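The structure under discussion appears below in the form of structure tokens.
The values are calculated or read from the model by the stated rules, or taken from the named source; none is laboratory data. None of these values were measured; they are calculated from a predicted model. Cβ: placed from backbone, ideal geometry, glycine included. Neighbour counts: every protein chain shown.
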Amino acid sequence: MRYLFKRHLMVYILFIILVAGVLPAYAGETGDLPDVNDLIKKGKLAEASTLLRKEIDAHPENVEAYQLLGRVYLIEGDEVKASSVFDKVISIDKGFEDKVSSEYYGAGLILIKDPKKSNIGLHFIKKYIREKGDKGQEAASSLYAAGVDMLGANRFMAHVILDRTLVLNPSYEKDEDFYLSYSVKSIQKSADLVEGGKDFLTRFPDGRHVPEVLYLMGEAYSELRNHQEARTYFQRLIKEFPETEWGKKAVTDLKF
């Protein structure tokens, strides 16, 4: 009995040793990847890239590692490297080919919020839309939000994004909030803002943003040194909307 017990114990110990030796090697294929995902979400792309390249060196057939590395390259704005990596993924897993456009879309939504890379982000989203034309309105919603977020950082790029939004979903022409951003707040040149303001007032004569538009148009005319027109808009603002933030601002700033 004692002999059998020792024998079973030895077999059990050997089994544990074998499992312990195999599991780390297997876990290496995906074990570090959740950490990599976290690094990507935090924007620590260099660290994520280093871990993924080490993972690929150790396990050349790890599709998920290649996919994540391609995602990192896209978020960095390097389409050439990303495309090369995705080609490798497709050579291993043909099913990934249908998912590539979604990778571009995801990266585009991230990059479009970066004033320095928003043009790349827009390019990626356009690429996605070309391949998934039926998703145009879905993309329009995301672009709308991105365009509004961009107003404070880069009005030119904000207008480009909003213009693309309108192409994808023309119904936004009837959205007062959208049109305020598109035709007035994203405009850089004073002369263009005046025209955008007139367009807005024609479309939404009783809109809740009329006071703000009147004020911005008055300022634009002042910058154009057309003080008579500026005075006309500020006087209208003070007369029709004296209790609004913009009416009070016109009085306080002596813009009448």
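Brief remarks on what is shown
Per-residue answers, yes or no, for (1) modelled with pLDDT of 95 or more; (2) surrounded by fewer than 19 Cβ atoms within 10 Å (Cβ to Cβ):
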residue	(1), (2)
Gly207	yes, yes
Val210	yes, no
Ala220	yes, no
Leu224	yes, yes
Ala230	no, no
Gly247	no, no
Leu254	no, yes
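- Residues in region 80-101 that are out of contact with any helix residue (DSSP H, G or I) (no Cβ under 7 Å at 6 or more places or on another chain), of a type outside the set (Lys, Arg) and within 27 Å of Ala146 (Cβ to Cβ): 3 in all.
- Number of residues in region 226-256 that are in a helix (DSSP H, G or I) and either within 17 Å of Asp192 (Cα to Cα) or of a type outside the set (Gly, Ala, Ser) (or both) equals 20.
- When Ile120 is tested against (1) in contact with a Gly (Cβ under 7 Å, 6 or more places away or on another chain); (2) β-branched (Val, Ile, Thr); (3) farther than 18 Å from Asp163 by Cα, exactly one condition is not met: (3).
- Meets criteria (modelled with pLDDT of 95 or more, in contact with a Gly (Cβ under 9 Å, 6 or more places away or on another chain) and within 30 Å of Ala140 (Cβ to Cβ)) for Val184: yes
- Flag for Ala191 being on the phi < 0 side of the Ramachandran plot and modelled with pLDDT under 95: no
- Count - residues of region 167-180 that are buried (at least 18 other Cβ atoms within 10 Å of the Cβ) and at pLDDT 95 or above: 4
- Residue check, Gly147 within 24 Å of Thr202 (Cα to Cα) and among the small types (Gly, Ala, Ser): yes
- Residue within region 99-112 that is surrounded by fewer than 19 Cβ atoms within 10 Å (Cβ to Cβ), closer than 15 Å to Gly77 by Cβ and not hydrophobic (A, V, I, L, M, F, W, C) present: yes
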